[in-house]
Amino acid sequence: MNDSALLTAIIENAIDGIITIDDKGIIESINPSGCRLFGYQQREVIGENISMLMPEPDRSQHDQYISRYQETRDPHIIGKGREVKGKKKNGSLFPFRLAVSEVQYEGRIIYNGFIHDLTREKNAEDQLIEYTNKLEQLVEDRTERLQSLVSELQKAKEEVSVSLEKEKELNQLKSRFVSMASHEFRTPLSSIQLSVSLIDKYSIEYHNPNIGKHVNKIKIAIGNLTTILNDFLSLERLETGIIEPQFGPIHLVKFAEEIAEEMQMVAKQNQNIIYQHTGINSMFNTDAGLLKNSIINLISNAIKYSGENTFIEFNTEITDEQCFITISDNGIGIPLSEQKHLFQAFFRAHNTGNIPGTGLGLNIVDRYVKLLNGEVEFESAENKGTKFILIFKL
Ligand code: ATP
Ligand code: MG
């Protein structure tokens with residue numbers, strides 16, 4: 001193959017389009033790739049002005065480009081290469097990289113253009129830009145949503161803290177009122193108690209059993225009222241943090257026996273409180289007052305919520321690590337669905353009927369036991385009895 005045949009083969013088979021024009025811009029040759037790119041047959045373009053392959057404004061100005069270059073020799077594309085747009089026969093535009101070189105051939109000037117199609121690259125680039133834009137939009141949207149969520153949260157937080165503050169104030173007001181009222185009630189109650197004792201004393205000479213019966217009723221009512229007032233006061237003292245446990249060693253068995261005896265006196269007919277201790281050790285470090293109050297509360301409940309002719313089991317156990325105090329009865333039990341409220345102040349289960357109570361006992365027990373670093377557990381089911389366990393770490 002001679003040199004010219006080789007060159008022709010290279011040009012004919014080149015992937016890029018190759019077009020030559022003369023110094024007036026008239027197309028002298030175009031290779032098959034060039035034809036494919038612009039959608040023309042060779043014969044349709046040869047002899048035509050190169051501007052036919054360009055969109056506006058280059059199309060009308062190309063002749064001036066050439067003459068300006070020829071006058072000034074100041075190249076805009078020649079020898080540099082640039083990204084431009086081409087116009088296909090069907091009118092559509094496509095991007096390509098154009099490299100133009102100037103060739104002196106047989107005393108003439110020929111311009112040789114290499115056309116490298118950039119459609120795919122441009123599409124990919126456009127797609128990338130589109131993706132980036134979409135992503136940016138997405139990030140912007142998310143940020144906006146996040147910001148609005150944060151501000152909503154902030155608002156909710158503020159609202160909660162305002163209502164919390166209000167509730168705190170209300171609680172303080174309530175407990176201040178309760179404590180004041182309790183104190184104010186105590187004085188008249190004491191004078192009623194005194195007067196009742198005097199009535200009791202002076203009525204002996206009348207030998208009327210009815211007087212004694214009613215005096216007794218008044219005494220019981222005063223006793224109940226005093227208990228309620230005491231509960232109110234301990235609640236208030238718990239609320240204001242006045243109560244501080246004073247720990248000291250106690251002989252648990254003696255301590256429990258005394259309570260059992262005391263409570264046996266107020267038990268119902270034939271209701272037997274059975275006390276038992278397990279373990280060799282019987283010394284236990286606690287606040288005797290708070291613990292006694294808690295146990296009395298639990299045993300009073302056991303008495304109140306179980307019938308006559310029943311046993312109330314009262315057990316203590318000291319192991320190497322823990323102390324357990326258990327009180328169980330065979331009474332009405334606590335309905336499962338209501339157990340979650342058990343330790344809330346003023347809570348009373350629906351099955352208590354007309355058994356009296358304020359619903360403060362267990363709330364106080366729970367808080368006292370916490371002050372003693374212990375826990376309250378219970379097992380109960382309606383009509384199946386109830387078991388309360390106080391657990392303390394040694
Ligand atoms: P008080 O403040 O006078 O003790 P109360 O006994 O009603 O009133 P808590 O001791 O706090 O209040 O008990 C709350 C509720 O738990 C009771 O009303 C009752 O429904 C239920 N309860 C507590 N102990 C028992 C028990 N041993 N058997 C059945 N129900 C119980
Ligand atoms: Mg009670």
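Output the residues belonging to region 367-394 that are within 12 Å of ligand 2 (Cβ to nearest atom) and among the charged types (D, E, K, R). Don't jump to the end; show me each part of the working.
Within region 367-394, the first condition is being within 12 Å of ligand 2 (Cβ to nearest atom), and the residues that meet it are 386, 388.
Within region 367-394, none qualify.
Taking region 225-252 as the search range and keeping residues that are open to solvent by 30 Å² or more (accessible area, probe 1.4 Å) and hydrophobic (A, V, I, L, M, F, W, C), which one is modelled with the highest pLDDT?
For region 225-252, the residue satisfying everything is PHE247.
Output the qualifying pairs, or none if there are none: Cβ atoms under 7 angstrom, residues six or more apart or on different chains, first residue in region 349-378 and within 14 Å of GLU239 (Cα to Cα), second residue within 7 Å of ligand 1 (Cβ to nearest atom).
Final answer for the pair search is LEU360/ASP231; ILE364/ASP231; ILE364/ASN297; VAL365/ASN297.
Could you say whether any residue in region 172-181 is exposed (fewer than 14 other Cβ atoms within 10 Å of the Cβ) and not in a helix (DSSP H, G or I)?
Within region 172-181, not a single residue is exposed (fewer than 14 other Cβ atoms within 10 Å of the Cβ) and not in a helix (DSSP H, G or I).
Could you say whether any residue in region 336-356 is within 13 Å of ligand 1 (Cβ to nearest atom), hydrophobic (A, V, I, L, M, F, W, C) and within 21 Å of VAL266 (Cβ to Cβ)?
Initially, region 336-356 is screened for residues within 13 Å of ligand 1 (Cβ to nearest atom), giving 336-356.
Subsequent filtering for residues that are hydrophobic (A, V, I, L, M, F, W, C) retains 336, 342-343, 345-347, 349, 355.
With the extra rule that they be within 21 Å of VAL266 (Cβ to Cβ), the set shrinks to 355.
Scanning region 336-356 turns up at least one residue that is within 13 Å of ligand 1 (Cβ to nearest atom), hydrophobic (A, V, I, L, M, F, W, C) and within 21 Å of VAL266 (Cβ to Cβ).
Considering only residues that are outside any loop (DSSP other than H, G, I, E, B) and open to solvent by less than 50 Å² (accessible area, probe 1.4 Å), look in region 343-364 and name the one that is farthest from ligand 2 (Cβ to nearest atom). Explain how you work it out, then say what you get.
Taking region 343-364 as the starting set, the residues that turn out to be outside any loop (DSSP other than H, G, I, E, B) are 350-352, 361-364.
Filter once more, so that each one left must be open to solvent by less than 50 Å² (accessible area, probe 1.4 Å): 351-352, 361-364.
Details: ASN351: 14, THR352: 10, GLY361: 3, LEU362: 6, ASN363: 10, ILE364: 9 Å.
Here the residue is ASN351.
Going by the conditions given, is GLU205 in contact with a Ser or Thr (Cβ under 6 Å, 6 or more places away or on another chain) and either open to solvent by less than 70 Å² (accessible area, probe 1.4 Å) or not hydroxyl-bearing (Ser, Thr, Tyr) (or both)?
Numbers: in contact with a Ser or Thr (Cβ under 6 Å, 6 or more places away or on another chain): no; either open to solvent by less than 70 Å² (accessible area, probe 1.4 Å) or not hydroxyl-bearing (Ser, Thr, Tyr) (or both): yes.
Against the criterion (in contact with a Ser or Thr (Cβ under 6 Å, 6 or more places away or on another chain) and either open to solvent by less than 70 Å² (accessible area, probe 1.4 Å) or not hydroxyl-bearing (Ser, Thr, Tyr) (or both)), GLU205 does not qualify.
Where the second residue is within 10 Å of ligand 2 (Cβ to nearest atom) and the first is under 23 Å from ILE243 (Cα atoms) and lies in region 276-305, which pairs have Cβ atoms under 6 Å and are six or more apart or on separate chains?
SER294/VAL365; ASN297/GLY361; ASN297/VAL365
Applying the selection to region 274-298, what residues are within 16 Å of ligand 1 (Cβ to nearest atom) and open to solvent by 30 Å² or more (accessible area, probe 1.4 Å)?
If the condition is that a residue be within 16 Å of ligand 1 (Cβ to nearest atom) and open to solvent by 30 Å² or more (accessible area, probe 1.4 Å), then ILE274, LYS292, ASN293, ILE296 are the ones that fit.
The values are calculated or read from the model by the stated rules, or taken from the named source; none is laboratory data. Bear in mind the structure is a predicted one, so any value in this text is a computation, not a measurement. Backbone-built Cβ (ideal geometry, glycine too); neighbour counts: all protein chains shown. What goes into the accessible areas is simple: the full protein's heavy atoms, side chains included, and nothing from ligands, DNA or RNA. Shrake-Rupley method; radii C 1.70, N 1.55, O 1.52, S 1.80 Å.
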